[in-house]
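Heads up, the thing below is written out as structure tokens.
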Amino acid sequence: MTREEFCVKINTAVEAFCVEGEIVSYKQYGNGHINDTFIVNCQKNQASKRYILQRMNHEIFTEPEKLIANIESVTHFLKTKIQEKGGNPERETLNLVYTKEGKYYYKDSIGCYWRMYNFIEAAASLEQVRKKEDFYQSAVSFGNFQRLLTSFDASKLYETIPDFHNTPVRYQTFLKAVKEDVCNRAASVKKEIDFYISHKEDMELCAKKLADGALPLRVTHNDTKLNNIMIDNNTGKGVCVIDLDTVMPGLAIFDFGDSIRFGANTAVEDEKDLSKVHLDLELFETYVKGYLEGCNGSLTDMEIEMLPYGAKTMAMECGMRFLTDYMQGDIYFRVHREGHNLDRCRTQLRLVEDMEAKWDEMQKIVLKYR
């Protein structure tokens, strides 16, 4: 598609939605890697209103109608709960905008799917932690998200990415990649392969707890990074959880764990110098405190007890996915240098090793705030 053709598609998509006032302008917005995102400016009398328009990536999310159905049901539920607690549902959750046909998505002539949200003013998402308070606010926000959705029946949600955090299934995919060894790389990563084989039971533990009912099925966000929280420009407090594309049934401890894997690591995700990779216990405690404050008693005793296992499992699973992709020829994750996925894998494994060395301290921190 040429740039001119794409501009025509954007114009058509913008005009498909029920915006307030006259469309004045739109431009590309943010730095997301999955969807194409635009900010749309409208004017009515002397008042202006802004919207977020997104073209959904239907190559990754192959059933966008189900994805939108998930977002619709979850955000409507959240609005009710926020209203009950005297909050502002126009600001504290995402609000989808109807199309002129009465749907929450628009499908254009070449099969692309578009959606629109009200823009959340006077708030911003952060790419990096500026201070410890930012990490704490993200924890409170994701914990509050979990609390508000406690009574939502997670089984009614679609799996927009099947087996996304089904670690035993990921492990079988990994074993298959080792066996097939299509790029003849297995021999060079024997240490990493052996690590995963020796940790098989660890990776199966959370799934077994779910299967036997010890851990409940929850509505989970599944992408709990700092930049998926809107932070109020004036107060510095978390306002709204965004990017609900991966909202699915899952384990609350995995949402917690993914935040720790990403946010309490002292190094970047693809750090080659493994001496820089550690679990920052101060940031771990900050997040535990904030998350449990946000959850406000909505987690079970078993969930709280297993929060460290959520962190460890997410680091193991993520590293295993990087290693699997490396052995398959770097076909899924985008790489920028030779051995990039292997570097990513080794960073996660080093983080797991550091968690294991600090396991007693992690458990004590959780017990402190339960």
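The values are calculated or read from the model by the stated rules, or taken from the named source; none is laboratory data. The structure displayed is predicted, hence computed values, not measured ones. No Cβ is skipped: glycine too gets one built from the backbone with ideal geometry, and neighbour counts run over all protein chains shown. The accessibility values were calculated without ligands, DNA or RNA, using every heavy atom of the protein model including side chains. Shrake-Rupley method; radii C 1.70, N 1.55, O 1.52, S 1.80 Å.
Listing for the model above:
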item	result
Matching residues in the range 76-112 - criterion: being under 19 Å from ALA123 (Cβ atoms), open to solvent by less than 50 Å² (accessible area, probe 1.4 Å) and touching a strand residue (DSSP E or B) at 6+ places or on another chain (Cβ under 8 Å)	THR93, LEU94, ASN95, LEU96, VAL97
Flag for VAL288 being surrounded by 23 or more Cβ atoms within 10 Å (Cβ to Cβ) and part of a strand (DSSP E or B)	no
All positions within the range 66-75 that are open to solvent by 50 Å² or more (accessible area, probe 1.4 Å) and touching a strand residue (DSSP E or B) at 6+ places or on another chain (Cβ under 9 Å)	GLU72
Strands (runs of 3 or more DSSP E) completely within the range 24-139 that count 2 or more residues being within 21 Å of the chain's Cα centre (by Cα) and more than 26 Å from PHE164 (Cβ to Cβ)	123-125
Qualifying residue in the range 206-214 (condition: open to solvent by less than 30 Å² (accessible area, probe 1.4 Å) and either small (Gly, Ala, Ser) or in a loop (DSSP other than H, G, I, E, B) (or both))	no
Residues that are buried (at least 24 other Cβ atoms within 10 Å of the Cβ) and either farther than 25 Å from GLU204 by Cβ or among the polar types (S, T, N, Q) (or both), drawn from the range 291-333	THR313
Yes/no for THR220 being among the hydroxyl-bearing types (Ser, Thr, Tyr), at pLDDT below 95, on the phi < 0 side of the Ramachandran plot and open to solvent by less than 50 Å² (accessible area, probe 1.4 Å)	no
Candidate set: the range 140-184, residues that are touching an Asp or Glu at 6+ places or on another chain (Cβ under 8 Å) and of a type in the set (A, V, I, L, M, F, W, C); chosen: the one most open to solvent (accessible area, probe 1.4 Å)	VAL169
